[in-house]
1. I'm checking my understanding of the structure. Among residues of the range A:108-125 that are under 19 Å from A:VAL209 (Cβ atoms) and either open to solvent by 30 Å² or more (accessible area, probe 1.4 Å) or outside the structural domain of A:GLU72 (by TED's automatic domain parsing) (or both), which one is farthest from the chain's Cα centre (by Cα)?
2. Would you check if B:ARG254 is open to solvent by 10 Å² or more (accessible area, probe 1.4 Å) and among the basic types (Lys, Arg)?
3. Might you check whether a residue that is within 29 Å of B:GLY178 (Cα to Cα), within 10 Å of chain B (Cβ to nearest Cβ), assigned to a loop (DSSP other than H, G, I, E, B) and of a type in the set (S, T, N, Q) occurs anywhere in the range A:140-147?
4. Among residues belonging to the range B:380-400 that are in a loop (DSSP other than H, G, I, E, B) and among the aliphatic types (A, V, I, L, M), point out the one that is nearest to B:GLY78 (Cα to Cα).
5. May I ask you to list pairs of residues, at least six apart or on different chains, whose Cβ atoms are under 8 Å apart, with the first in the range A:225-239 being open to solvent by less than 40 Å² (accessible area, probe 1.4 Å) and the second being in a loop (DSSP other than H, G, I, E, B) and among the aromatic types (Phe, Trp, Tyr)?
6. Hey, among B:LEU30, B:LEU112, B:LEU96, which residue is of a type in the set (A, V, I, L, M) and assigned to a loop (DSSP other than H, G, I, E, B)?
7. Look at A:CYS157 and say whether it is out of contact with any Lys or Arg (no Cβ under 8 Å at 6 or more places or on another chain), open to solvent by 10 Å² or more (accessible area, probe 1.4 Å) and under 29 Å from B:VAL187 (Cβ atoms).
8. Looking at (1) at the interface with chain B (Cβ under 9 Å from one of its Cβ atoms); (2) surrounded by fewer than 19 Cβ atoms within 10 Å (Cβ to Cβ); (3) under 27 Å from B:THR46 (Cα atoms), which is the one condition that is false for A:ALA92?
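The values are calculated or read from the model by the stated rules, or taken from the named source; none is laboratory data. Bear in mind the structure is a predicted one, so any value in this text is a computation, not a measurement. With ideal geometry, Cβ positions are generated from the backbone for all residues, glycine too; neighbour counts draw on all protein chains shown. Calculation scope for accessible area: heavy atoms of the full protein, side chains included, ligands and nucleic acids excluded. Shrake-Rupley method; radii C 1.70, N 1.55, O 1.52, S 1.80 Å.
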Amino acid sequence: MSQINAYRRKFLAALGGVAAAGLASGVIVREVKAASPDVPTRPEDQPVSNKVRWGMLIDINRLTDGGASMVEACKREHGWGNDPKASPEQQAQWMRTVKVTDKLTKHSFTLPVMCQHCEEPPCVDVCPTGASMKRADGIVQVNKHICIGCRYCMMACPYKARSFVHENLTDQRVHSPRGIGTVESCNLCVHRVDKGQLPACVEAAPQAVIFGDLNDPTSRISQAMKALGGSQIRADLSLNTGVRYLGL
Amino acid sequence: MSSKTMIYSELRASKAYYFLLASCLAVVGLGAISFLHLEHEGHYVTGMNNQVVWGLPHVFAIFLIVAASGALNVASIGTVFRKSLYQPMGGLSALLAIALLIGGLAILVLDLGHADRLMIAMTHYNFKSIFAWNIILYNGFLALCILYIWTMQDRKMKAFYPYAGFFAFSWRLILTLGTGSIFGFLVARSYYNSAIMAPLFIAMSFALGLAVFIILLFFTYRLDKRELGDLVLNRLRYLLAIFVAAAMFLELARHLTALYITQRHGIEQFILLDGGIYTLLFWIGQVLIGGLIPLSLIFCRALKNNHWSLLLAASLVIVGGLVQLYVIIVGGQVYPLELFPNAEVESSFFDGSISSYTPSRWEWMLGLGGVGLALALFFVGMVVLRFLPKSLADSSVEDS
């Protein structure tokens, strides 16, 4: 009997230790991934609100690598870009750098292109099941539980921002599951934003990218856009994109 | 229906019939194998990719769906426009419409990334999506065709025959409008974004549906040794010519409009001039083989009453229709999206470059499997119910 009690004591002590370590590490993790001042933390019991509209301002002239580090950060965060069986044309690309050279002036620049998080997203309009959806806070993403893999959103997206998963995948990121037969794209790192953190690509290029609430006139991004502007790719489509560029 | 007494009977299930049915089912089997392979492995085994997201299966599927609505026209002309010559063929026309639609939908569904989620497509609707509307339109079309056949075959339901015919005809026009609008509503793609896609698809459906109907009618009557006269065949012959010409006319208007819009010069130059295989397919496949040669065959005086020239014309219309859909669906996608006008672009995601697409054998198998399914359903339907007039000889049909 005393032996059993001894076991119990040891077990409880070990459990206490694990719990304490877990709590401590939680605190540490929280401290390490400090919430960004640009992304106010939303209490978990509060729904996403349309009072907020997340957006991004990318200063192309300050991107020394044309956005390559942003693309790498996105790959690391979401685990795309190296699907073993897919051909190069079948590889998913949530984000890529595009080199643009004006035919007349020969002026050239490189910029990162991904989902532009339109206010009026064509991909959401065409999706038959509503899997392609825009959250109240402006984040456009795919509900992978009801995506049937018809790829109509890929046909509709003016920015070629979406990819289809062509094969079974293993070793996926816990926070960013990818599924065979569904469509995927940049979701502004919704899992990070919900925790008050910046999207991975923004963290990778802090000198050139501002992330924040476009609806808040006092936010850093709103102030910067008011002072400097913020161009859209294919502004002629009147989609009012959440991703804006300086230096286009 | 026709004032002359027309006798209908089931198709005789001869040895040749069973051979035909078995051949169709073998092709369906190939389609099933392809589906299982795609479901198990994923779409990396196909030629489709993230630049060309819709490929050969969609060409076959949309061909069958468009032809389905067109196949019903023979019945509609009999009922809605009261042309008694067409009335005896009404049941056959509605049966073919059902069979073709099921074949086409089967391909479309089995090519989905998640075919297992069909129930979600049936229960989650985004009503702003023309795709969602099409799901309703396709199901409604099947139901209306069945109702239409019922009013033709059951004396007690005869009073509803004109109404069923009218609703089915209206529904089929809206259905093809919806199919064309799948492309017409794509705002960002310069080869598609146009309201003319809807009437173009309607004209195509008239031509393709009738071409399929003519060929199947002819060979079914041969198979069962029934009489099929020049009166019926010649009427269908000239009707086919009108539909082919209408489809060509709308295609011409589409390209002329695009040629007037500077923004679209790039894609037009690609398709019409320097697009390699796509240019070849457009001029040789679509315009010459699918349009000019069939029209010449139909209007050539020396070939009047020549059944084989009509069959050849109808076959060429089918080939041309498949090519036209290939040029529209694949050609429209291989040309890059224009994110930055007046600029040259390059990226790791093939921005600014012409994509390549080669259909894999799995896509051929899936596409042909749908065709096999449509034919098998058609052949089974004719044995089960009395769709076929005993004779369509000139003396049996009433000219109007």
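1. A:PHE109
2. Yes, satisfied.
3. The answer is yes, given that some residue of the range A:140-147 is within 29 Å of B:GLY178 (Cα to Cα), within 10 Å of chain B (Cβ to nearest Cβ), assigned to a loop (DSSP other than H, G, I, E, B) and of a type in the set (S, T, N, Q).
4. B:VAL397
5. Sorted first by the residue in the range A:225-239, then by its partner, the pairs are A:ILE233/A:TYR159; A:ILE233/B:PHE340; A:ARG234/A:TYR159.
6. B:LEU112
7. Spelling it out, A:CYS157 is indeed out of contact with any Lys or Arg (no Cβ under 8 Å at 6 or more places or on another chain), open to solvent by 10 Å² or more (accessible area, probe 1.4 Å) and under 29 Å from B:VAL187 (Cβ atoms).
8. With (1) at the interface with chain B (Cβ under 9 Å from one of its Cβ atoms); (2) surrounded by fewer than 19 Cβ atoms within 10 Å (Cβ to Cβ); (3) under 27 Å from B:THR46 (Cα atoms) applied to A:ALA92, the lone miss is (2).
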